[in-house]
Amino acid sequence: MAIREDEWIRKMSVESKMIEPFVSSQVRCGEDGEKLVSYGLSSYGYDLRIADEFKVFTNVYNSIVDPKNFNEDSFVDIQAKECIIPPNSFALARSIEYFRIPRNILTICVGKSTYARCGIIVNVTPFEPEWEGHVTIEISNTTPLPAKVYANEGIAQVIFFEAAQECSLSYADRNGKYQKQRGITVPVV
């Protein structure tokens, strides 16, 4: 398995619509010169952005977090340019980009170091061959202080791995439960 480089990612994104919308270079500043958490094409991956939709975890109802019986009352829905995540809590968000992963590609997605250095940890599971959709992103605030994340800016880097041959059973073949998800998707069993 080989890591795919930027020209391949650019070609697949333009020709096969692997990433939409696709930003063909690193963006570090806004049009007004404001510094941004970078996003767009990088050397061996793609830095995805988060949308302005968030589900912030709250314990107002003393719920138990149970992936087999998930209660959406555990979240407060927020739509904003910035999201404040309470201390020792987390939020769900989604990518702006919609991904279509080829049958011979597997990705891993890791948080950006800018956030990690602030105690903000991003968790995203791999994008399997032939998975497609918006990426649901879990953002944990591991600090004892409120933490801020910014919509429409970078949050995580996707790294693409190419297999020597196509997989025999893809995510689409298995009718994966998160296939073609749009928006923020909570746990499904």
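Every number here is computed from the coordinates shown, using simple stated rules; none is lab data. As the structure is a computational prediction, the values presented were derived from the model and not from experiment. Every residue, glycine as well, gets a Cβ built from its backbone with ideal geometry; the counts of neighbours run over all protein chains shown.
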Name the single residue, out of those in the range 92-119 being of a type in the set (Gly, Ala, Ser) and touching a residue at least 12 places away in the same chain (Cβ under 8 Å), that is surrounded by the fewest Cβ atoms within 10 Å (Cβ to Cβ).
-> 119
Within the range 133-161, how many residues are surrounded by 14 or more Cβ atoms within 10 Å (Cβ to Cβ) and part of a strand (DSSP E or B)?
-> 20
Given the residues 23, 76, which is the only one that is hydrophobic (A, V, I, L, M, F, W, C) and either outside any loop (DSSP other than H, G, I, E, B) or closer than 28 Å to residue 188 by Cα (or both)?
-> 76
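Determine whether the range 72-91 contains at least one residue that is among the polar types (S, T, N, Q), at negative phi and without any contact (Cβ under 8 Å) to a residue 24 or more places away in the chain.
Applying the first criterion (among the polar types (S, T, N, Q)) to the range 72-91 yields 74, 79, 88-89.
Of the ones still in play, those that are also at negative phi are 74, 79, 89.
Applying the additional criterion that residues be without any contact (Cβ under 8 Å) to a residue 24 or more places away in the chain yields 74.
Yes: the range 72-91 contains one or more residues that are among the polar types (S, T, N, Q), at negative phi and without any contact (Cβ under 8 Å) to a residue 24 or more places away in the chain.
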